[in-house]
Amino acid sequence: MTVSSQVKQTLAGLKNCHSTLRIYAVQTQDQETRNVYEEALDTTNEIIKNLEERLKAIEFQEPRYKGN
Amino acid sequence: MKEWIEVLLRTVGLFIVIFAAIKILGNNAISKISSFRLISYIIIAIVTALLSANVIKNISLGLLVLAVWILLPLALEYLSLKSKYVHDLVYGKGKVVIKQGKVMEDQLKQARMTGEELLSELRSKNAFFMADVEFAIMEANGEINVLLKSDKLPITSKAMGQKVAPKSEPQTIILDGNVIHEGLKNLALNEKWLQQQLETAGIALENVFIGQVDSSGELYIDTFDDMIQLPQPTVKELLYANLEKSHSDLLGYSLETKDQQTKNMYEQNAKKLDEILKKLEPYLLR
């Protein structure tokens, strides 16, 4: 089982990327570029959701990692 | 006493007249105007000079000459816009001097050019080897334009099969410490965004000489004080690096986990992230 703090770090990094991608998606004027950024947004969203589920599962199985 | 006043008034008046005439005739680069226009410019100049120096005593006659020399060429130009025949008559046509790598000698003779002069003109367009030239045309104003053979043209990203993000023109938004609102409007940004960007860079508005924003929203600043080292914008590279890190983290987790289902989850997500990274690369890195 992976340490939950590591997963949390990755999750935070991904959320960071997600918001930067959103800024670029909104700022771009070219439609093609915007589509690529929005696709990236969707993918990172999915991954973030998956990671959050995994985090819940970890915290459920190992209560001492809960919190923080 | 009276004469110098008259000359002064004439000269100032003609200055304004000529300024208006230039605006009417339009701005053309001197190297690109037809000889016809050049002659009419010279005649306008001479008549104006003679008129203002009181050599031509009768003002109304002089102004009449000026009016004809300004308006007739203008009329001829409008006509040549409407009719191709008039256009070819007035401006002449371009002559093809090199076609498919072979020199058209009779066209050269018509253009009254020797082979040596042709080579010299080609050199001025950076074509030192005649073997490299696919097509050369002598334009109506005597200038030669050269098309090199396709394998001698500089490499483009298309030729290399690399995708590059489309970029359109940058907008200047700061000049001499002042904000240019038109530039901001063209990018659909407002002053608050600009202030935020300046804060993150740690520069005050009055220290900026030139500020330019490219089509992806990156601000480039040049300050008055050249000693200040500005952090170069690296947001895109950082974003790419962050995504790469997350990707390798996920791969690592998939190796550590013992549970098969979780392993699959991590692997799939890593794969998705990898695909997205490939798609984003031309936009973030190139």
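The values are calculated or read from the model by the stated rules, or taken from the named source; none is laboratory data. Keep in mind the model is a prediction, meaning the values are calculated, not measured. Quick reminder, even Gly has a Cβ in these numbers, built from the backbone with ideal geometry, and neighbours come from all protein chains shown.
Results for (1) within 14 Å of chain A (Cβ to nearest Cβ); (2) surrounded by 12 or more Cβ atoms within 10 Å (Cβ to Cβ); (3) modelled with pLDDT under 85, shown as yes or no for each residue.
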site	(1), (2), (3)
B:205	no, yes, no
B:211	no, yes, no
B:217	yes, yes, yes
B:222	no, yes, no
B:229	no, no, yes
B:233	yes, yes, yes
B:241	yes, yes, no
B:245	yes, yes, no
B:249	yes, yes, no
Can you name every residue in region B:182-202 that is modelled with pLDDT under 85, more than 11 Å from every other protein chain (Cβ to nearest Cβ) and surrounded by 14 or more Cβ atoms within 10 Å (Cβ to Cβ)?
B:201
Looking at (1) facing another protein chain (nearest Cβ under 9 Å); (2) among the basic types (Lys, Arg); (3) over 28 Å from residue A:55 (Cα atoms), find the lone condition where residue B:286 falls short.
(1)
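The rows are residues; the columns are (1) more than 17 Å from residue B:140 (Cα to Cα); (2) at pLDDT 85 or above; (3) in a helix (DSSP H, G or I).
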{"residue": "B:13", "(1), (2), (3)": "yes, yes, yes"}
{"residue": "B:40", "(1), (2), (3)": "yes, yes, yes"}
{"residue": "B:56", "(1), (2), (3)": "yes, no, no"}
{"residue": "B:65", "(1), (2), (3)": "yes, yes, yes"}
{"residue": "B:87", "(1), (2), (3)": "no, yes, yes"}
Restricting attention to region A:19-47, which residues are buried (at least 17 other Cβ atoms within 10 Å of the Cβ) and either touching a residue at least 40 places away in the same chain (Cβ under 8 Å) or farther than 13 Å from residue B:280 by Cβ (or both)?
A:27, A:47
Here is a list: B:262, B:257, B:172. Which entry is surrounded by 15 or more Cβ atoms within 10 Å (Cβ to Cβ), on the phi < 0 side of the Ramachandran plot and in contact with a helix residue (DSSP H, G or I) (Cβ under 6 Å, 6 or more places away or on another chain)?
B:257
For region B:134-161, how many residues are surrounded by 12 or more Cβ atoms within 10 Å (Cβ to Cβ) and polar (S, T, N, Q)?
2
Which residues, taken from region B:87-123, are among the hydrophobic types (A, V, I, L, M, F, W, C) and within 30 Å of the chain's Cα centre (by Cα)?
B:90, B:96, B:97, B:98, B:118, B:119, B:122
Residue in region B:160-175 that is at pLDDT below 90 and part of a helix (DSSP H, G or I) present
yes
Within region B:73-105, residues among the aliphatic types (A, V, I, L, M), out of contact with any Ser or Thr (no Cβ under 6 Å at 6 or more places or on another chain) and without any contact (Cβ under 8 Å) to a residue 12 or more places away in the chain come out as B:75, B:79, B:81, B:89, B:104
